[in-house]
Amino acid sequence: MNEDKRVPCSGCSLLCDDIIVIEKDKSNYDIIGACLKGIQKFEQRNSKNRILSPYIRQNNELVKVEWDEAIKKTIKLIKGSLNPILYGFSTTSCETQLKAIKLAQKINGFIDSNSTICQGKVLNSAKKKGITTITLTEIINKSDVIILWGFNAVESIPRLLSKVLFSRGKFRLTGREIKTLIIIDTYKNASFKVLGTKDLALIVEPDKDIDLIKILKKICKNNIKLPNEGTAGIDKEDIKRFITYLLNSENIVIFIGQGLLKIQKDGNPLEKLLDLIDIINNKNKNGRISTVMMGGHYNMAGFEHIALSYIGKNQNIQFQNRKLIQTKMNIISKIKERDFDLSIIVGTDAISHFPSEISKILTSRPIILIDNRKSGTYFVADIVLPTAITGIESEGLAFRFDHVPIKLKKIMNPPNDIPNDEELLDKIISKLDKNNVNSD
Ligand code: SF4
């Protein structure tokens with residue numbers, strides 16, 4: 001390992017590039033500047049749930065095996081599969097994501113990333129409506145109103161508010177004083193503690209975001225009178241203050257969180273919010289609203305870029321005869337309709353993240369897991385292949401939440417000569433080439 005180093009942190013999609021690592025001895029180092037979540041990420045190297053050897057399920061138990069045996073079994077499973085799915089890739093490098101798409105093409109598989117149920121939704125919908133996304137630097141320099149909608153910044157991206165809210169920015173004479181924070185959520189999450197006296201807390205009733213959006217739309221269009229009892233559990237005066245900010249501010253950014261992705265009784269709240277933004281942006285000639293989707297995993301945005309540039313499509317990628325074909329299926333419907341016979345999960349805990357009925361079906365077919373830590377998926381996988389931690393034991397490219405590329409660095413060698421994700425996928429691809437698998 002080198003002397004003191006400034007490195008990016010891959011603890012979340014903010015990819016803070018101001019972390020200083022000071023070597024104490026061969027396996028210990030001090031981390032300066034990272035939040036607790038970031039420190040945990042760096043400490044993952046020596047954590048109890050680290051996977052250090054390959055495993056194969058035998059008699060319903062995971063048994064430690066040599067690499068040769070694990071790879072042999074992996075190749076055998078892939079060779080025997082006619083309809084594999086590949087999923088995850090939000091905590092791997094872009095180089096790995098590209099290799100994974102090439103693997104999916106080779107084995108005529110279906111591939112998608114975690115982004116499909118998160119960041120990618122906003123990207124695709126905003127693109128259709130022509131609503132602009134914004135970079136972190138622009139937010140720091142220009143934003144005067146910061147809105148967190150269904151997004152608990154303090155716990156999921158811990159240093160975000162210190163960068164965007166408590167900073168002054170290039171074009172402002174003051175910092176926090178001129179910035180207004182508005183939080184909309186169904187409960188008082190940890191981020192509410194950051195609110196100051198002139199900020200706005202809007203606790204919306206569960207599944208009623210669309211009601212709030214509808215009334216805001218009506219006010220924008222017709223200047224209607226607000227109902228005295230308020231809307232969606234929000235006080236009339238607070239709605240008035242909210243719309244005043246929306247219509248009179250220069251640079252508003254809305255950070256959209258998971259809380260707004262679930263379909264509600266009256267439809268898709270994300271689509272409705274984007275409609276509202278469109279209306280306000282047309283009405284407010286002196287300002288604009290931009291959106292950012294906040295995915296927690298550090299390289300969710302990367303898959304979007306890599307898939308779009310390699311294959312021209314960023315979600316629900318299905319290959320047949322090694323060519324991209326159109327499909328109406330997504331990862332959830334593929335699993336739900338049992339339209340797969342093998343899953344290859346990379347760098348994610350699909351079993352814990354999916355709804356339980358989907359996870360149950362996923363476990364009914366063989367699972368090959370490539371990851372560096374034990375998770376719910378580890379405990380049900382048929383083959384476990386450990387890899388180096390990208391951003392600590394391996395370098396690679398990642399895209400920050402705002403789609404800015406950041407080069408992750410290697411700080412030290414992985415234990416037990418574990419390969420990185422890209423090297424492992426390379427090995428699988430070259431073994432498949434030798435075996436001439438699934439040839440057209
Ligand atoms: S905010 Fe995210 S990227 Fe920054 S130090 Fe914390 S975990 Fe790491």
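Every number here is computed from the coordinates shown, using simple stated rules; none is lab data. As the structure is a prediction and not an experimental result, all values here were calculated from the model. Glycine gets a Cβ as well: all are built from the backbone with ideal geometry, and neighbour counts include every protein chain shown.
Just a few scattered comments:
- Measuring between alpha carbons in the structure, the pairs from LYS272/LYS328; LYS208/LYS285; LYS170/LYS285; LYS142/LYS407; LYS24/LYS170; LYS265/LYS323 lying more than 32 angstrom apart are LYS24/LYS170; LYS265/LYS323.
- Residue of ILE277, ILE210, ILE234 that the Gaussian network model of the chain assigns the largest fluctuation, springs spanning Cα pairs under 10 Å: ILE234
- Within the range 248-266: backbone nitrogen closer than 15 Å to the ASN141 label point (7 Å, Cα to C-beta): 251
- Extended-chain gain in nm, criterion 0.36 nm per residue less alpha-carbon gap, GLN264 and SER352: 29.4 nm
- For the chain, with +1 on Lys and Arg beta carbons and -1 on Asp and Glu, the positive-most of ALA398, LEU216, THR327 along the dipole: LEU216
- Fewest-first sequence of ASP112, ASP421, ASP341, ASP371 by Cβ atoms within 10 Å of each Cβ: ASP341, ASP371, ASP112, ASP421
- A Gaussian network model of the chain, with springs between Cα atoms under 10 Å, assigns the largest mean-square fluctuation among GLN258, GLN40, GLN97 to GLN40.
- For ALA104, net neighbour charge (Lys/Arg +1, Asp/Glu -1) across residues whose Cβ lies under 11 Å away: +3
- The chymotrypsin sites (Phe, Trp or Tyr not before Pro) found in the range 167-237 that occupy coil by DSSP, while having at most 11 further C-beta atoms within 10 Å, are PHE171, TYR187.
- Where GluC sites (Glu not before Pro) in DSSP loops with at most 14 other Cβ within 10 Å are excluded, longest remaining stretch of the chain: 67-228
- Rounded to whole Hz, the Karplus (6.51, -1.76, 1.60) HN-Hα couplings of the range 49-55, x for glycine and proline: 8, 5, 9, 10, 9, x, 9
- Debye, to nearest 20: dipole size of the range 119-293, +1 on Lys, Arg Cβ, -1 on Asp, Glu Cβ: 560
- TYR310-PHE166 FRET efficiency (beta carbon distance; Förster radius 51 Å; 0.05 resolution): 0.85
- Value at 222 nm in deg cm²/dmol, rounded to 500, when DSSP H runs of n ≥ 4 in the chain each add -39,500 (n - 2.57): -9500 deg cm²/dmol
- Put the Cα centre of the range 238-280 next to the Cα centre of the range 1-40 and the gap is 36 Å.
- Note on TRP149, TRP67: ascending count of other Cβ atoms within 10 Å places them as TRP67, TRP149, the fewest first.
- Relative contact order computed over the chain (Cα-Cα under 8 Å; 6+ residues apart), in percent: 24
- Taking the chain as a Gaussian network of alpha-carbon nodes connected by springs under 10 Å, the highest mean-square fluctuation of the residues PRO227, PRO84, PRO158 belongs to PRO227.
- Kirkwood hydrodynamic radius of the chain, Cα pairs, Å: 23.2
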